[in-house]
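The values are calculated or read from the model by the stated rules, or taken from the named source; none is laboratory data. Computed from a prediction, not measured in an experiment: that's the story for all the values here. Note that we place each Cβ from the backbone using ideal geometry, even for glycine, and neighbour counts take in every protein chain shown. Protein only, heavy atoms only, side chains kept; ligands, DNA and RNA dropped before computing areas. Shrake-Rupley method; radii C 1.70, N 1.55, O 1.52, S 1.80 Å.
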Amino acid sequence: MRWGYFILLLSFFSCAETNSPNLHDSEVKVRIPSAFPELVYPADNSPTKLRVELGRRLFYDNRLSQDESLNCGSCHVLSAAFTDGRATSQGLHGSVGKRNAPTLANVAWLKRLMMEGGVPTLETQILVPLHDSTEMAPSMMPIVDRLNEDEYLRALSLVAYGRDSIDPFVVTRALACFQRTFISGDSRYDRSLQGRNDQMNERELRGRDLFFSPRTQCSECHSGVFFTDMNFYNIGLFDEYADRGKARATDRDEDVGRFKTPTLRNIQLTAPYMHDGHMKSLEEVVRFYNAGGTAHRNKDGRIRPLGLTDEEQADLIAFLTTLTDWNFVQNEELLPLGK
Ligand code: HEC
Ligand code: HEC
């Protein structure tokens, strides 16, 4: 019923006079892997063709950064599952940020965004890179003014959101709408779960069993279809954390060094690893877990020496490579338009 009303509204706006009179919006059916939970959209931001198109244009638009040198896709590159291959991201004027750019695969389902979980929705998250001077720009208003000079974007904004000029509401909604189409659930591991026995070799199967075993406990934090419990842990990376993690948001000592469990989907493509990108390879990560980490007072009890042989460590890494979704990272609908 709400849809009926919505589509009526849309057709009203698409008849309104714009400089691009041929724009017509329609509902988008987003395909969700059968093992994933349902996607619940915010009431004011269900996906439509033009909302997604507007978001896609904005995501790759340099006018979103103060000196027009960066767009979201500068640090979130599709071929690297929306990461950037750097230890920490490079921001405006070549300044170096403090954190490793995370993948945006399946961000639609994250309950809390950013590594300390301080941001509740994709709509509000966008204000963070925009306002963080080491990322894009100190203020939204000059950006919005610049975007409004573009008549096609204004026309899109009118038909997609019923607003005749681009404003922060439209920018944040449209970017969120586009990012909710970043859905990755077609790895060899997923196909093996669907009953296809030809997807994983012996080594990968041994690695899978280790990953889900009480011996390693990997799957207790990297759990469920997204390989994250969306919780926060200190895994004993350092004796002293330069980045205090969740304590940045809460200012509590017990939160020092606690970061959100990252997804492991497409992990093979998202090196370097950890919040500050200091680990260059999966070999290094698995060696770290096997050694058991530092003795930090906040370290989770499950991070302890595991006693895995070299062979077993190689098995675990082999399993992690079955989580790569090659169709996702080659999906042209997620690239800039016209490329
Ligand atoms: C200069 C590099 C850079 C640019 C440009 C950038 N990001 Fe990011 N992004 C990052 C880094 C680094 C983080 C992790 C920050 C943190 O957790 O504190 C991040 C985090 C995120 C997250 C949270 C993901 C999660 O797992 O919690 C989302 C969503 C996101 N960015 C979307 C965007 C969008 C949309 C844009 C464009 C408006 C953008 N980013 C521009 C580097 C960048
Ligand atoms: C106590 C919860 C917990 C357990 C158990 C755990 N992890 Fe993690 N894992 C995390 C957290 C939290 C991070 C991010 C830490 C940071 O950046 O400070 C992480 C990071 C990673 C990363 C890097 C991800 C990235 O995008 O940078 C990989 C790979 C990984 N873990 C694999 C494993 C494997 C394999 C095991 C089992 C041997 C394991 N984890 C056990 C919580 C856990």
Checklist entry - Do we find a residue being in a strand (DSSP E or B) and not small (Gly, Ala, Ser) anywhere in segment 261-268? => result no
Checklist outcome for this item: Within segment 124-150, of all residues that are surrounded by 13 or more Cβ atoms within 10 Å (Cβ to Cβ) and of a type in the set (Ser, Thr, Tyr), the one modelled with the lowest pLDDT is SER133
Checklist entry - When only residues in segment 273-314 that are acidic (Asp, Glu) and in contact with a strand residue (DSSP E or B) (Cβ under 8 Å, 6 or more places away or on another chain) count, which is least open to solvent (accessible area, probe 1.4 Å)? => result ASP300
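Within segment 236-250, which residues are within 16 Å of ligand 1 (Cβ to nearest atom) and either part of a loop (DSSP other than H, G, I, E, B) or modelled with pLDDT of 95 or more (or both)?
Just the residues of segment 236-250 that are within 16 Å of ligand 1 (Cβ to nearest atom), to begin with: 237, 241-250.
Passing the criteria: LEU237, TYR241, ALA242, ASP243, ARG244, LYS246.
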Item to check | When residues of segment 315-339 are limited to those that are of a type in the set (D, E, K, R) and open to solvent by 60 Å² or more (accessible area, probe 1.4 Å), the one farthest from ligand 1 (Cβ to nearest atom) | outcome: GLU332
Item to check | Number of the exception - GLU204 against (1) at pLDDT 95 or above; (2) among the acidic types (Asp, Glu); (3) open to solvent by 30 Å² or more (accessible area, probe 1.4 Å) | outcome: (3)
Next on the checklist: Looking at segment 210-220, can you tell me whether even one residue there is of a type in the set (Phe, Trp, Tyr), within 15 Å of ligand 1 (Cβ to nearest atom) and at pLDDT 95 or above?
Outcome noted: no
Next on the checklist: If I go through segment 151-184 residue by residue, how many of them are buried (at least 21 other Cβ atoms within 10 Å of the Cβ) and part of a loop (DSSP other than H, G, I, E, B)?
Outcome noted: 4
Next on the checklist: Of everything in segment 215-238, what is among the small types (Gly, Ala, Ser) and in contact (Cβ under 8 Å) with a residue 60 or more places away in the chain? Give them in sequence order.
Outcome noted: GLY236
Checklist entry - How many residues does segment 84-104 hold that are open to solvent by less than 60 Å² (accessible area, probe 1.4 Å), within 9 Å of ligand 1 (Cβ to nearest atom) and at pLDDT 70 or above? => result 9
Next on the checklist: I'd like the residue in segment 7-50 that is modelled with pLDDT of 55 or more and not in a loop (DSSP other than H, G, I, E, B) and, out of all such residues, is most open to solvent (accessible area, probe 1.4 Å).
Outcome noted: LYS49
